[in-house]
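To start, the structure itself, in structure tokens.
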Amino acid sequence: MSHASTSKRRGFPNPIAWIGRSTIGLLSEVGKLTNFAVRIMAAAFSPSWNFAQIWKQVIAIGFYSLPVVGLSAVFIGAALALNVYTGGNRFGAEQFVPNIVALGITRELGATITGLMLAGRVSAGIAAEIGAMKVTEQIDALKTLSANPFRYLYAPRFLAACLTLPILVFVSDIIGIMGGWLVSVFGLDFDSTTYLRNTVDFLTMEDIVVGLIKAVVFGAVIATMGCYQGSKSKAGATGVGRAATLSMVGAAVLVLAANYMMSTLFVNIGI
Amino acid sequence: MTETTSPILQLKNVEKHFGSNRVLRDVNLDVERGSSLVILGGSGSGKSVMLKCALGLMTPTAGQILFDGVDVTHDQGKTREAMRARIGMLFQSGALFDSLTVWQNVAFRLLNAQKMNRSRAKERAIETLKKVRLGASVADLYPAELSGGMQKRVALARAIITEPDLIFFDEPTTGLDPITADAINDLILEQVNALGAATVTITHDMASARKVANEIAMLFEGEIIWRGPASQIYDSGNDYVDQFVHGRADGPIQPAI
């Protein structure tokens with residue numbers, strides 16, 4: 001074969017082969033991630049919990065995420081109130097601002113925004129930490145010292161994320177509603193007492209619980225993705241950086257996909 | 001249980017392939033009790049893969065690994081754990097856990113696998129740190145606060161705290177200046193002799209090899225191409241070994257650049 005034709009073939013890969021390779025690659029990746037998730041869950045739900053590690057992760061994942069979660073929620077709540085007011089104004093429905101802000105935040109935005117922010121802060125952080133441990137042979141060292149990384153490293157992060165995400169989402173709900181209240185009362189001339197009474201009267205327990213259930217799933221997704229990408233990190237700063245990026249992107253997409261699927265489920269079962 | 005005269009570790013016809021790349025080719029190796037075997041080899045010769053197979057961190061494509069006469073090749077359960085309880089490992093980078101203090105690193109197995117109470121484990125860790133010439137004052141520091149030589153000593157303390165029967169050393173002197181490297185070699189010898197443990201050291205540092213080895217094996221392109229007493233290493237009659245031990249660029253081994 002001539003050199004020219006070889007170059008041409010390299011420049012234009014066979015599209016069928018490319019689709020085949022990509023599909024096999026994707027399925028293989030989904031299989032590996034699922035296998036990894038099952039192993040994390042098996043470790044997380046077996047009763048020898050490492051409480052010291054779990055508590056450490058609760059502080060790292062939960063407590064230190066409060067500022068970013070609070071700031072995101074207040075701005076989302078404020079923007080939502082403004083948009084609902086402007087849109088509702090077109091057909092005289094601006095009085096529904098408190099109801100729609102409360103519903104939008106508790107059922108959807110509180111959990112989703114918290115999930116997305118933590119996909120960045122927590123999932124990428126976990127991937128970078130585990131990735132750095134992998135490339136400095138600390139994971140191998142754990143194994144030789146008879147500590148199972150799934151039990152010692154991954155399960156505490158998984159449990160801590162599943163436990164703290166609902167608390168963070170609850171905080172996000174309150175601060176998000178407060179963001180809407182701030183804009184409505186100080187910018188749109190709503191009466192403070194009426195706004196708050198409308199919010200409290202309108203919200204049901206189901207609205208809040210729906211967001212909290214989503215939060216548990218998002219916690220599982222965020223921690224699993226971080227641990228998975230970190231555990232297969234390649235050597236060097238590039239490898240660890242790539243693990244963090246893949247983890248953040250993967251967790252964010254899965255959070256949004258899981259959110260849609262759970263919203264559909266909850267609507268179908270009438271919650 | 002097998003006779004106590006059998007080798008502590010045996011690799012039988014071990015192969016490890018990554019796709020079409022045969023990293024280990026029919027490796028046969030016995031490590032006798034109390035002996036010190038050094039495995040020489042250049043970069044990419046398969047040393048680290050062999051070590052990982054022996055430790056159970058990788059599963060060989062073919063062949064058998066026996067520890068104290070028991071086949072541990074595929075076992076990831078109790079047999080493997082029983083083996084790991086009797087081995088120590090000093091990683092090339094030290095592999096100390098950044099998030100734990102020095103004493104928690106040294107006493108890691110005691111705290112986690114053996115569930116020893118913390119005060120007793122800390123006492124044992126400080127005793128072991130003394131053996132590697134580190135004072136109790138470093139016990140509460142974090143690994144990042146120590147020099148490279150001190151980190152290697154802490155890693156050595158972690159490898160010997162449970163008084164293992166077999167200790168692996170992966171490039172124990174890499175990244176250290178020659179004087180610190182020699183001090184680490186002395187410490188390794190002293191502690192290994194005190195324990196009576198067998199050791200497998202992989203290195204390309206000839207000064208280190210000369211100092212710690214009873215026996216030397218040379219790994220080249222995944223095969224053991226020579227094995228003999230340490231005293232014969234400069235008189236091996238093998239062109240590959242000669243080139244390696246004299247550090248010559250010319251010879252049958254192509255430099256890895």
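The values are calculated or read from the model by the stated rules, or taken from the named source; none is laboratory data. Nothing here was measured: the structure is a model prediction, and the numbers come from that model. Don't worry about glycine lacking a Cβ; one is built from the backbone with ideal geometry, like all the others, and counts go over all protein chains shown. Quick note on the areas: whole protein, heavy atoms, side chains included, nothing else; ligands and nucleic acids left out. Shrake-Rupley method; radii C 1.70, N 1.55, O 1.52, S 1.80 Å.
For this structure, a couple of remarks:
Listed here are the residues, each with its yes/no results for (1) away from every other protein chain (no Cβ under 14 Å); (2) not hydrophobic (A, V, I, L, M, F, W, C).
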| site | (1), (2) |
| --- | --- |
| B:L110 | no, no |
| B:K122 | yes, yes |
| B:E127 | yes, yes |
| B:K130 | yes, yes |
| B:G135 | yes, yes |
| B:P143 | no, yes |
| B:S147 | yes, yes |
| B:Q151 | no, yes |
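- Here B:R109 fulfils each of the conditions (1) within 21 Å of B:P143 (Cβ to Cβ); (2) touching a helix residue (DSSP H, G or I) at 6+ places or on another chain (Cβ under 6 Å) apart from (2).
- When B:T162 is tested against the conditions (1) touching a strand residue (DSSP E or B) at 6+ places or on another chain (Cβ under 8 Å); (2) β-branched (V, I, T); (3) away from every other protein chain (no Cβ under 13 Å), the lone failure is (3).
- Matching option when the condition is in a loop (DSSP other than H, G, I, E, B) and without any contact (Cβ under 8 Å) to a residue 60 or more places away in the chain, among A:D201, A:D189: A:D189
- Selection count, the range A:111-158, where residues are under 18 Å from A:Y228 (Cα atoms), away from chain B (no Cβ under 14 Å) and crowded, with 24+ Cβ neighbours inside 10 Å: 9
- Hits in the range A:186-220 (condition: among the acidic types (D, E) and closer than 30 Å to A:V255 by Cβ): A:E206, A:D207
- Positions within the range B:193-208 being open to solvent by 70 Å² or more (accessible area, probe 1.4 Å) and in a loop (DSSP other than H, G, I, E, B), in sequence order: B:H204
- Annotation note: of A:F75, A:F96, the sole residue that is surrounded by fewer than 17 Cβ atoms within 10 Å (Cβ to Cβ), modelled with pLDDT of 95 or more, more than 14 Å from chain B (Cβ to nearest Cβ) and within 25 Å of A:G211 (Cα to Cα) is A:F75.
- Residues being hydrophobic (A, V, I, L, M, F, W, C) and buried (at least 23 other Cβ atoms within 10 Å of the Cβ) - total across the range B:57-67: 2
- The helices (runs of 4 or more DSSP H) located wholly in the range B:101-178 that include 3 or more residues which are closer than 25 Å to B:L9 by Cα occupy B:108-112, B:148-160.
- Single unsatisfied condition, B:P143 versus (1) open to solvent by less than 10 Å² (accessible area, probe 1.4 Å); (2) within 30 Å of B:L29 (Cα to Cα): (2)
Let's see how each residue does on (1) open to solvent by 30 Å² or more (accessible area, probe 1.4 Å); (2) farther than 18 Å from B:I216 by Cβ:
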| position | (1), (2) |
| --- | --- |
| B:E15 | no, yes |
| B:L24 | no, yes |
| B:V27 | no, no |
| B:V31 | no, no |
| B:G34 | yes, no |
| B:I39 | no, no |
| B:S48 | yes, no |
| B:L55 | no, yes |
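- Sole residue being more than 23 Å from B:N28 (Cβ to Cβ) and either surrounded by 12 or more Cβ atoms within 10 Å (Cβ to Cβ) or in contact (Cβ under 8 Å) with a residue 40 or more places away in the chain (or both), chosen from B:N185, B:N214: B:N185
- Of all residues assigned to the range B:209-230, none qualifies as being over 25 Å from B:F91 (Cβ atoms) and part of a loop (DSSP other than H, G, I, E, B).
Each row is one residue, and each column tells you yes or no for (1) free of Cβ contacts under 8 Å to residues at least 60 places away in the same chain; (2) in contact with a Phe, Trp or Tyr (Cβ under 7 Å, 6 or more places away or on another chain); (3) more than 24 Å from B:V49 (Cβ to Cβ).
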| residue | (1), (2), (3) |
| --- | --- |
| B:E171 | no, no, no |
| B:L189 | yes, no, yes |
| B:A207 | yes, no, yes |
| B:M218 | no, yes, no |
| B:E221 | no, no, no |
| B:G237 | yes, no, yes |
| B:F244 | no, no, no |
| B:G247 | yes, no, no |
| B:D250 | yes, no, yes |
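- Some residue of the range A:207-223 being over 14 Å from the mean Cα position of the chain (by Cα) and aromatic (F, W, Y): no
- Residue that is nearest to the other protein chains (Cβ to nearest Cβ), among those in the range B:68-86 that are in contact with a helix residue (DSSP H, G or I) (Cβ under 7 Å, 6 or more places away or on another chain) and open to solvent by less than 30 Å² (accessible area, probe 1.4 Å): B:R84
- Residues that are surrounded by fewer than 20 Cβ atoms within 10 Å (Cβ to Cβ) and assigned to a helix (DSSP H, G or I) within the range A:78-93 comprise A:A79, A:L82, A:N83, A:T86, A:G87, A:G88, A:N89, listed in sequence order.
- Which numbered condition A:G104 fails, given (1) under 25 Å from A:A258 (Cα atoms); (2) crowded, with 20+ Cβ neighbours inside 10 Å; (3) in contact (Cβ under 8 Å) with a residue 40 or more places away in the chain: (3)
- Taking strands (runs of 3 or more DSSP E) as the structural unit, those lying wholly within the range B:1-93 and holding at least 1 residues that are touching a residue at least 24 places away in the same chain (Cβ under 8 Å) and more than 18 Å from the chain's Cα centre (by Cα) correspond to B:9-18, B:21-31, B:62-67.
- Filter result for B:V102 (more than 14 Å from every other protein chain (Cβ to nearest Cβ), at pLDDT below 95 and open to solvent by less than 10 Å² (accessible area, probe 1.4 Å)): no
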